[in-house]
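Notes follow once the structure below has been shown.
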């Protein structure tokens, strides 16, 4: 299996990460965009997510100066106050990597053209590849800007530009040194699900979840947080009245997983969103299990809540409060 | 000198470009943005430039279907017509690389913070680095979209994301394989002047002109076109009444250059724009001379004119019509 191959490589081959990463965060597409409206950011949620990331990453109580010095539409000048950046101002920022999904960006273009199925020689697929990248990089830019406004030194890094390529949809080659160098220089890389070249089928969609799994294998973060639009992983579609939140999932050495909390009587049914070209919750659990196998705790939690702030802070690493809502995926070993 | 070192490397070391590139085009910042207004694109000029690029790159008389399937503000649906992309529709596109400058994007942020001078440990420089990248990637996205609307399969590739790094402001490491792979897959990479990491001084601004010189050395294009906002290189600031357009510049083997046409009596004064952090016309001629030394013709020409279309088409390679306005820089050897 291609995944296992990647994992073994990760444990034996060269990693460009010189110092440990504290946390990899996935901003789920559903949490930061409006599901039912094409190419629309959920501004309120993105703002809260950015604020929580700043609180988790930057220790100062005061909000640091913003780093998005873009012109506001309608104004002729750019608002930037260099005097706010005093040399003795400490802007130490935790080593985080941010990866986001596409939500209502990119999926329309990808599914209209079938980019995930390859065949780049077809004009429609080539057009869809270009259109998908335009859509997801538009979202990436807005997320980088939102983080920068909070004082997080965010830098957009597209997997396609970084030269990441897949083979039958699994990552076959990804030079992580640009990402590692960006972190070593004090920046917060912001990657995203992207249209990429595929050695076998020409092209595909590389999901944010697969990117996180790959980054985690090489950078060994202390913990990984998936921010979603629901409280965690449920035993059935969370819209169903009797859906039960799975609070703890244990991952065995062979990668199989089982629900520890709460105790369940029936087997688990996993939801897959109909319009999600990269696979919904099922992909998420599989990738989370892959990460947990390395001994890295994974928290799947609703974005912009007190629960997500606890997860981002790393407060859950020792013990998980009873009133915490979310799903923990961790190694049973 | 670092430049000469790069050149020698280019001639001896591995190049990932498997097939020849037809043309590298520089979209000058001044030609595609409004000089006197911060972060404002010159939409009319960008449209004409994109149309001319399409005419030069795609042989069909009919305009191919657009590849920017973004939602237009105010509309709820995305306009995309998959039926326009018939499988028998031939979208063969010449192997071009596009590199653009920053114009009224990025320069403000870079000069306010001194990103070009390095010292990334200073909070202001770090903030300026983030702000500069936001500004130049905003422009990059709009250029990629303008080209895609013409049916050019454009893909944005940021030098920083691609892992390009400098040493004392000269390119010290740049993995060109993602760019080469994008071209081999039928795409048109769109790079840009960017804030990048520097091995010696921490960070700097990598100009579009230096990027072109580096790409030309490795990819050996048939010709290089610099699209600017004036008719070419003049003997003095082109705003002065007696400024003379230098029509032909010959480059000797040692990299020195001299004006062949017209015959001049006085020595040449080169203009350097006051607010250009990457050096104005002087950098342009030096970089053009560096490219011409490889036997590659360089055309410096006013964007969106009949003259620029001739240059982009490659019509000038055999002979240059007397009524053509622009500057040719080529090897005297």
Residue count, region B:99-122, condition crowded, with 24+ Cβ neighbours inside 10 Å and more than 8 Å from every other protein chain (Cβ to nearest Cβ), comes to 10
Output for region B:154-172, where each listed residue is at the interface with chain A (Cβ under 10 Å from one of its Cβ atoms), in contact (Cβ under 8 Å) with a residue 24 or more places away in the chain and more than 17 Å from the chain's Cα centre (by Cα): B:165
Looking for whichever is modelled with pLDDT of 95 or more, more than 17 Å from residue A:62 (Cα to Cα), within 8 Å of chain B (Cβ to nearest Cβ) and surrounded by 22 or more Cβ atoms within 10 Å (Cβ to Cβ) here; the options are A:96, A:129. Which one fits? A:129
Can you pull out every residue in region A:71-86 that is closer than 23 Å to residue B:119 by Cβ and more than 8 Å from every other protein chain (Cβ to nearest Cβ)? A:81, A:83, A:84
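So, in region B:256-270, exactly how many residues are within 21 Å of residue B:323 (Cβ to Cβ) and either surrounded by 12 or more Cβ atoms within 10 Å (Cβ to Cβ) or at pLDDT below 60 (or both)? Reasoning before the result, please.
From region B:256-270, those within 21 Å of residue B:323 (Cβ to Cβ) are B:259-264; that's our starting set.
Remaining after also requiring either surrounded by 12 or more Cβ atoms within 10 Å (Cβ to Cβ) or at pLDDT below 60 (or both): B:259-261, B:264.
Number satisfying all stated conditions: 4.
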For residue A:17, all conditions in the list (1) crowded, with 17+ Cβ neighbours inside 10 Å; (2) at pLDDT 95 or above hold save one; what is the number of the exception? (2)
What's the number of the only condition in (1) within 23 Å of residue B:298 (Cα to Cα); (2) within 14 Å of chain A (Cβ to nearest Cβ); (3) touching a strand residue (DSSP E or B) at 6+ places or on another chain (Cβ under 7 Å) that residue B:30 fails to meet? (2)
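Can you work out which of the residues in region A:132-152 that are outside any helix (DSSP H, G or I) and at the interface with chain B (Cβ under 9 Å from one of its Cβ atoms) is farthest from the chain's Cα centre (by Cα)?
We begin by selecting, within region A:132-152, every residue outside any helix (DSSP H, G or I); these are A:150-152.
Cutting the leftovers down to at the interface with chain B (Cβ under 9 Å from one of its Cβ atoms) gives us A:151-152.
Values: A:151: 20, A:152: 16 Å.
Among residues in region A:132-152 that are outside any helix (DSSP H, G or I) and at the interface with chain B (Cβ under 9 Å from one of its Cβ atoms), the one farthest from the chain's Cα centre (by Cα) is A:151.
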Inter-residue pairs, beta-carbon under 8 Å, first free of Cβ contacts under 8 Å to residues at least 40 places away in the same chain and in region B:240-251, second in a loop (DSSP other than H, G, I, E, B) and crowded, with 16+ Cβ neighbours inside 10 Å, 6+ apart: B:243/B:235; B:244/B:235
Under 6 Å by Cβ, and 6 or more places apart or on different chains, what pairs join a residue from region A:49-70 that is in contact (Cβ under 8 Å) with a residue 40 or more places away in the chain and more than 14 Å from chain B (Cβ to nearest Cβ) with one that is surrounded by fewer than 20 Cβ atoms within 10 Å (Cβ to Cβ) and not in a loop (DSSP other than H, G, I, E, B)? A:52/A:309; A:56/A:313
Residue among B:310, B:284 that is in a helix (DSSP H, G or I) and at pLDDT 90 or above: B:310
Residue match in region A:153-168 (condition: touching a strand residue (DSSP E or B) at 6+ places or on another chain (Cβ under 6 Å), modelled with pLDDT under 95, in a loop (DSSP other than H, G, I, E, B) and on the phi > 0 side of the Ramachandran plot): no
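The values are calculated or read from the model by the stated rules, or taken from the named source; none is laboratory data. Just so we're clear, the structure is a prediction, and the values are computed from it rather than from any experiment. Glycine gets a Cβ as well: all are built from the backbone with ideal geometry, and neighbour counts include every protein chain shown.
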